[in-house]
Amino acid sequence: MFRVEVKLKDHSYPVLIGDGVRNALPELLPDSASKAAIVTRPNIPWQAEPGCDSQVFHIPDGEQAKSLAIIEELCRGFSQWGLTRADAVVAVGGGVATDVAGFAAAVYHRGVAVVHVATSLLAQVDAAIGGKTGVNLPEGKNLVGAFWQPQAVLCDTETLTTLPESEFKCGYGEIAKYHFLGAGNLASLPLVEQIARCVELKAIIVSADEREQGQRALLNYGHTLGHALESARQYSFTHGQAVALGLIYAAEVAHLLGRIDEKRVSEHRDVVSSFGLETRLNEQFSQISNQELLSFFKRDKKATKSLTMVLDGAAGPEVVSGLSPDVLLAAMERIR
């Protein structure tokens with residue numbers, strides 16, 4: 001088992017990584033909790049026993065669960081069951097479950113404790129850690145949310161044995177991102193070590209910038225185009241594959257701006273392909289114009305005053321603002 005501490009100014013917590021760590025849930029709930037609301041999908045084959053009175057609250061599959069209507073449904077259910085501010089919410093599932101349960105916990109009674117039991121690779125390497133929660137609007141992904149740090153995160157690698165290949169690829173897109181944020185050649189490591197290394201790196205970044213005022217924005221590398229692709233296809237395109245294409249796209253933008261050379265762009269393609277992910281936009285996007293994709297960039301959370309992306313450079317990825325639409329459109333042509 002690996003244990004990583006996310007060290008924050010006011011609230012630090014452990015991330016446990018390994019087979020069977022979900023069984024540590026009872027000892028990680030607050031002492032005050034006499035009830036635990038378990039938020040999960042109906043078809044998740046794994047359960048988490050909180051060791052106290054509990055009730056399961058089901059959410060729909062996929063991104064359709066990430067809506068304000070589902071948050072209202074959950075909070076009303078919590079209230080009707082009698083969940084108090086001293087109790088806890090437990091998310092069991094992937095990134096959608098941790099996003100939705102975390103946001104519901106953040107707003108119910110203005111904040112109750114939450115523990116994430118991450119059962120997907122995407123959630124274990126990224127989504128469950130760091131306290132960012134949220135839901136989607138028709139206008140874009142994750143536009144409504146809150147920072148709400150968990151009590152603990154349990155990355156149970158045993159749960160990965162039931163994942164289909166498509167779910168693994170979703171997680172691999174985020175692992176590829178961490179390669180360029182300084183994690184090194186993750187593909188050469190055993191999977192549990194890949195997860196632990198990603199968690200360690202994310203913990204360092206989150207500890208330094210909990211509320212994304214600076215360095216934490218680097219965790220959005222590849223996400224500007226990634227979120228646009230997901231939104232344009234109404235979330236039928238997987239997050240990991242979208243981020244992987246977003247990494248290559250960001251490299252092409254950086255190359256057009258003279259920030260990196262062609263060799264570094266090729267490294268992005270090689271890393272993405274080493275995880276079995278596509279490196280170019282396929283026929284799914286043949287009817288979606290570059291201009292339509294660009295329109296989603298303007299709704300991105302980083303675009304406060306101008307078109308903004310995380311771009312690679314001589315010193316590594318950094319936030320770059322004031323980007324020219326012509327450059328962004330030209331880079332799109334290079335990944336089609």
Worksheet entry | Index of the failed condition, LEU137 passing every other in (1) modelled with pLDDT of 95 or more; (2) of a type in the set (A, V, I, L, M); (3) touching a strand residue (DSSP E or B) at 6+ places or on another chain (Cβ under 9 Å) | (1)
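To keep it simple, each residue is scored yes or no on (1) over 21 Å from ILE129 (Cβ atoms); (2) surrounded by fewer than 18 Cβ atoms within 10 Å (Cβ to Cβ); (3) in the same structural domain as ALA123 (by TED's automatic domain parsing); (4) basic (Lys, Arg).
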site: SER188; (1), (2), (3), (4): yes, yes, no, no
site: VAL199; (1), (2), (3), (4): no, no, no, no
site: ALA203; (1), (2), (3), (4): no, no, no, no
site: LEU245; (1), (2), (3), (4): yes, no, no, no
site: GLU267; (1), (2), (3), (4): yes, yes, no, no
Worksheet item: Any idea how many residues of the range 227-238 are of a type outside the set (S, T, N, Q) and in contact with a strand residue (DSSP E or B) (Cβ under 9 Å, 6 or more places away or on another chain)?
Response: 4
Worksheet entry | Flag if VAL107 is surrounded by fewer than 21 Cβ atoms within 10 Å (Cβ to Cβ) and touching a strand residue (DSSP E or B) at 6+ places or on another chain (Cβ under 8 Å) | yes
Worksheet item: What do you reckon, is ASP31 closer than 15 Å to THR133 by Cα and either surrounded by fewer than 17 Cβ atoms within 10 Å (Cβ to Cβ) or among the acidic types (Asp, Glu) (or both)?
Response: no
Practice prompt. Could you list, in sequence order, all residues of the range 1-38 that are over 16 Å from VAL192 (Cα atoms) and in a helix (DSSP H, G or I)?
Written response: ASN23, ALA24, LEU25, PRO26, GLU27, LEU28
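Take GLN55 and decide whether it is at pLDDT 95 or above, in a strand (DSSP E or B) and more than 29 Å from ALA183 (Cβ to Cβ).
Details: at pLDDT 95 or above: yes; in a strand (DSSP E or B): yes; more than 29 Å from ALA183 (Cβ to Cβ): yes.
When the stated conditions are applied, GLN55 passes them.
Could you tell me which residue of the range 146-185 is farthest from ILE71 (Cα to Cα), considering only residues that are hydrophobic (A, V, I, L, M, F, W, C) and at pLDDT below 95?
Filtering the range 146-185 for residues hydrophobic (A, V, I, L, M, F, W, C) gives 146-148, 152-155, 160, 163, 168, 170, 175-176, 180-181, 183.
Pick out the ones that are also at pLDDT below 95 and you get 163, 168, 170, 183.
Working: LEU163: 26, PHE168: 27, CYS170: 24, ALA183: 35 Å.
So, considering only residues that are hydrophobic (A, V, I, L, M, F, W, C) and at pLDDT below 95, the one farthest from ILE71 (Cα to Cα) is ALA183.
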Item to complete: Within the range 85-109, work out how many residues are part of a helix (DSSP H, G or I), farther than 19 Å from TYR172 by Cβ and in contact (Cβ under 8 Å) with a residue 40 or more places away in the chain.
Response: 9
Item to complete: Quickly run through the range 238-278 and pick out the residues that are part of a loop (DSSP other than H, G, I, E, B) and under 20 Å from the mean Cα position of the chain (by Cα).
Response: THR238, PHE275, GLY276, LEU277, GLU278
Worksheet item: Quick check: is even one residue across the range 70-89 at pLDDT 95 or above and closer than 17 Å to ALA127 by Cα?
Response: yes
Response to the item:
Within the range 141-159, the residues that are under 15 Å from the mean Cα position of the chain (by Cα) and either part of a strand (DSSP E or B) or free of Cβ contacts under 8 Å to residues at least 12 places away in the same chain (or both) are LYS141, ASN142, LEU143, VAL144, GLY145, ALA146, PHE147, VAL153, CYS155
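Looking at this structure, is ALA36 buried (at least 20 other Cβ atoms within 10 Å of the Cβ), more than 20 Å from the chain's Cα centre (by Cα), on the phi < 0 side of the Ramachandran plot and of a type in the set (A, V, I, L, M, F, W, C)?
Details: buried (at least 20 other Cβ atoms within 10 Å of the Cβ): yes; more than 20 Å from the chain's Cα centre (by Cα): yes; on the phi < 0 side of the Ramachandran plot: yes; of a type in the set (A, V, I, L, M, F, W, C): yes.
Yes, satisfied.
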Worksheet item: Out of all the residues in the range 68-89, is one or more out of contact with any strand residue (DSSP E or B) (no Cβ under 9 Å at 6 or more places or on another chain) and on the phi > 0 side of the Ramachandran plot?
Response: no
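The values are calculated or read from the model by the stated rules, or taken from the named source; none is laboratory data. Quick caveat, the model's predicted, so the values are computed rather than measured. All Cβ positions, glycine included, derive from the backbone under ideal geometry; neighbour counts span all protein chains shown.
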